[in-house]
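Following: one structure in structure tokens, then a few remarks.
Each reported figure results from applying straightforward, stated rules to the coordinates on display, with no laboratory input. Note that the coordinates shown come from a computational prediction; the quantities given were computed from them, not determined experimentally. No Cβ is skipped: glycine too gets one built from the backbone with ideal geometry, and neighbour counts run over all protein chains shown.
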Amino acid sequence: ESVLTQSPGTLSLSPGERATLSCRSSQSVNSDYVAWYQQKPGQAPRLLIYGASSRATGIPDRFRGSGSGTDFTLTISRLEPEDFAVYYCQHYDRSPKGFGGGTKVEI
Amino acid sequence: EVQLVESGGGLVKPGGSLRLSCVASGVTVNTYSMSWVRQAPGKGLEWVSFISSSSNYIHYAESVKGRFTVSRDNAKNSLYLQMNSLTAEDTGVYYCARDRTLDFWGQGTLVAVSS
């Protein structure tokens with residue numbers, strides 16, 4: 001079973017700054033099956049990135065996913081006010097399809 | 001409008017049962033796998049169960065294996081989660097989501113297990 005660890009737990013930044021979120025797996029995972037989700041308070045999560053680097057429909061290009069093997073990264077190039085939220089990574093190539101613990105991006 | 005709508009949550013005593021439903025409208029789910037994901041109050045996301053489009057493949061998290069049963073009715077564009085022997089650790093919001101990539105999510109239904 002691959003366990004995903006996200007860091008940092010909290011990222012304190014200002015609008016316009018760059019955010020770099022890390023997701024590390026305890027075992028190598030197929031990058032075709034790594035996703036990132038955004039969740040705002042009181043809302044369901046939203047798919048941002050799938051296949052480690054493909055943006056989901058309607059996701060702006062300031063969101064970029066990268067990585068392979070055991071290390072994956074979500075980069076938000078210039079934070080907009082609406083980007084302050086919690087972000088989760090997940091692998092979905094085999095079960096259990098675990099999530100990371102999340103990174104909160106706060107102002 | 002694209003919607004996945006969960007229902008069936010509520011307050012139940014430890015050891016009790018609930019059956020959650022997820023109905024899709026405005027979005028095709030029949031040819032997609034579906035999953036249940038839950039979130040305990042103030043906590044992160046936890047994958048619960050997966051069912052393939054034809055129900056040939058079904059997987060569960062270890063924490064619910066033997067107690068929860070996932071099923072689907074493609075004719076009704078619906079997904080279900082039968083939850084038995086509930087404990088306080090099962091408390092949380094339960095979401096259904098489409099496809100292995102979880103590209104569409106419902107708004108969630110709250111399950112509270114308490115005496």
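Summary of values
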| item | result |
| --- | --- |
| Residues of the range A:87-107 classified as more than 13 Å from the chain's Cα centre (by Cα), among the charged types (D, E, K, R) and more than 7 Å from chain B (Cβ to nearest Cβ), total | 3 |
| Output for the range A:1-20, where each listed residue is touching a strand residue (DSSP E or B) at 6+ places or on another chain (Cβ under 7 Å), more than 15 Å from residue A:103 (Cα to Cα) and not small (Gly, Ala, Ser) | A:3 |
| Single unsatisfied condition, residue B:66 versus (1) assigned to a loop (DSSP other than H, G, I, E, B); (2) touching a residue at least 40 places away in the same chain (Cβ under 8 Å) | (2) |
| Residue list for the range A:49-86, filter: within 14 Å of chain B (Cβ to nearest Cβ) and surrounded by fewer than 23 Cβ atoms within 10 Å (Cβ to Cβ) | A:51, A:53, A:54, A:55, A:56, A:57, A:58, A:59, A:85, A:86 |
| Strands (runs of 3 or more DSSP E) (entirely within the range A:40-107) containing at least 3 residues that are of a type in the set (Gly, Ala, Ser) | A:63-76 |
| Options B:111, B:64: the member that is out of contact with any Pro (no Cβ under 7 Å at 6 or more places or on another chain), closer than 16 Å to residue B:9 by Cβ, among the β-branched types (Val, Ile, Thr) and more than 13 Å from chain A (Cβ to nearest Cβ) | B:111 |
| Scan of the range A:87-103 for residues that are among the polar types (S, T, N, Q), in contact (Cβ under 8 Å) with a residue 60 or more places away in the chain and surrounded by fewer than 20 Cβ atoms within 10 Å (Cβ to Cβ), ordered by number | none |
| Residue that is surrounded by the fewest Cβ atoms within 10 Å (Cβ to Cβ), among those in the range B:90-108 that are charged (D, E, K, R) and within 8 Å of chain A (Cβ to nearest Cβ) | B:103 |
